[in-house]
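Student: Please see the structure below; I have some questions.
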Amino acid sequence: MSDRAIHVIGGGLAGTEAAWQIARAGIPVILHEMRPIRSSPAHHTEYLAELVCSNSFGAMAVDRAAGLLHEELRRLGSVIIASADHHSVPAGGALAVDRGVFSSELTENLANHPLITLKRGEIGEIPRDGVVVLTTGPLTSPALAEDLQHFAGMDYLSFFDAASPIIVGDSIDRSIAFLASRYDKGEAAYLNCPMNKEQYLHFWQELCRAEQAELKDFERENAKFFEACLPIEELARRGEDTMRYGPLKPVGLGDPRYPDQRPYAVIQLRMEDKAGQLWNMVGFQTNLKWGEQKRIFRLIPGLENAEFVRMGVMHKNTFINSPKLLSPTLQFHSRPTLLAAGQLVGTEGYTAAAAGGWLAGTNAARLVLGLEPVTLPVTTMMGALFEFISTAEPKHFQPMPPNFGIMPPLETRVRNKRERYGYYSDRSLSDLENWYRSIAEVSESAEIRPESVTFA
């Protein structure tokens, strides 16, 4: 492997994308992944780009924030989005994947790439020489976290995240659960378990008094929940109707078999695999003890005999104070040859992690090639997201998902939200195309010959 090889530390979505973009530029890369030599509290396999919390990348429509980010990455040649498109499963208006095949094939593609060396084992400190990309994500190993904390000269921020249970499809009572998407949008790809008021209140009461698992290895006094991924029991404790305005909201969902009956609350199950054998409980991240999960979740109509293949789990997430440390190129101010991406930098969601990997990998390759690192136009979702995490108020910095609120306003005010988002999307994709054409011309002069990914 050449002396100019770039080290990417962490084989999640961001690391996988970064390694691919570096190799795509013709630069050798060493991708470090500690699993299976050292396991993590949340992962279940040794595959690269394992999807821990859900199999969904969010809405597909380009007038939605997640969908716009998908399309930007699609046009930029993202290996993550290409694989997600190839291994998608029905999910209404969302991009969801068969997560096992998705991760295993990405692992095979990268492991067999002539410019990528996959090294298994823990990295305890940041390499001091050369170009390095940190993509260790929310489950950074303690040794590396300590080294990064020392390098940054400040404490970490941390929060707790949780994963939803997965249920065997054959164990769901289809005489109760009905197949539909909210407002009949897209393909009917969610199983919906309706509740009347009496059933809901009983479920809510049991959930509020349920016994939680011990957080043995976590720093309780410094931890806080991230609002976008609250455990279901935490939501329940916030009030009787909180869940009904969140993941259990009944609006837009009615059993076609009983058109005159409107459910009081609805639990949605999303397909995990193409065959529909596994179903994820949407919004049911939890830290309840496993016995409590089975007892309480089987109170849900249609899930009385539910067979769980994976119980909900909770784990610690870590992210740096990016506004103090990073530029919009994802380079550290104090060491421009060190870059970071993924949830470690305070972006939220699978697609945002891939976006960070794309930018960090692209800029790492450009550094080796003697080219200036790039920033994306702030009128794109990617550009707005990385501008936000690098310029937000450091004192109150929290992880940020892609959203239209961080984008510059339109020149002409548009009152209708759907139309406004459509204009945002049109502007973004137009500006992205012009921007990418300009950097492609520079890349061609530097004799970068991008490669593409193929799938079986």
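Student: Report in % the part of the accessible area of segment 325-421 that belongs to carbon and sulfur, leaving out ligands and nucleic acids; probe 1.4 Å.
Tutor: 52 percent
Student: Considering only Cα-Cα distances, which of the following residue pairs are longer than 24 Å: Lys249/Lys294; Lys119/Lys324; Lys185/Lys249; Lys289/Lys395; Lys185/Lys417; Lys395/Lys417?
Tutor: Correct reply: Lys119/Lys324; Lys289/Lys395; Lys395/Lys417.
Student: Quickly work out the Arg238-to-Thr45 label distance, labels modelled 7 Å from Cα along the C-beta direction, and quote it in nm with one decimal.
Tutor: 3.2 nm
Student: Expressed as a rounded percentage, what relative contact order does the chain have, with Cα pairs under 8 Å and six or more residues apart?
Tutor: Once normalised by length, the contact order is 22 percent.
Student: Pulled fully out, how much extra length does the chain show between Arg257 and Glu198, if you take 0.36 nm times their separation in residues and subtract their Cα-Cα distance?
Tutor: 19.1 nm
Student: Working out 0.36 nm times the residue gap between Thr337 and Glu304, then minus their Cα-Cα distance, what length gain in nm do you get to one decimal?
Tutor: Result: 6.4 nm gained on full extension.
Student: On full extension of the chain, what length is gained from Asp173 through Arg209, given 0.36 nm per residue of separation minus the C-alpha to C-alpha distance?
Tutor: 10.3 nm
Student: Ignoring ligands, DNA and RNA, what accessible area per residue does the chain give at 1.4 Å, in Å²?
Tutor: On a per-residue basis, the chain sits at 43 Å².
Student: Out of all Cα-Cα pairs in segment 335-451, roughly what percent, to the nearest whole number, are more than 19 Å apart?
Tutor: 53 percent
Student: Kirkwood Rh and Cα-based Rg: tell me the resulting Rg over Rh for segment 349-415, rounded to two decimals.
Tutor: 1.04
Student: Tell me the mean residue ellipticity at 222 nm calculated for the chain from its helices only (DSSP H runs of n ≥ 4, each -39500 (n - 2.57), averaged over every residue, nearest 500). Let's see the in-between values first.
Tutor: On the way: 12 runs with 144 residues, N = 456.
About -10000 deg cm²/dmol.
Student: Is segment 96-179 rounded, prolate or oblate when judged by the Cα gyration tensor, a ≥ b ≥ c being the square roots of its eigenvalues, rounded requiring a/c under 1.5 and prolate requiring a/b larger than b/c?
Tutor: Here segment 96-179 falls in the oblate category.
Student: Next question. Over all Cα pairs of the chain, how is the pair count split among 20 Å bins, expressed in % and running from 0 up to the last occupied bin?
Tutor: The percentages, shortest bin first, are 25, 56, 18, 0.
Student: Using a 1.4 Å probe on the protein heavy atoms, what percent of the accessible area of segment 37-170 belongs to carbon and sulfur?
Tutor: Whole-percent figure for carbon plus sulfur exposure: 50.
The values are calculated or read from the model by the stated rules, or taken from the named source; none is laboratory data. Quantities reported herein were computed from a predicted structural model and do not represent experimental measurements. No Cβ is skipped: glycine too gets one built from the backbone with ideal geometry, and neighbour counts run over all protein chains shown. We work out accessible area using only protein heavy atoms, side chains counted, and drop any ligands, DNA or RNA first. Shrake-Rupley method; radii C 1.70, N 1.55, O 1.52, S 1.80 Å.
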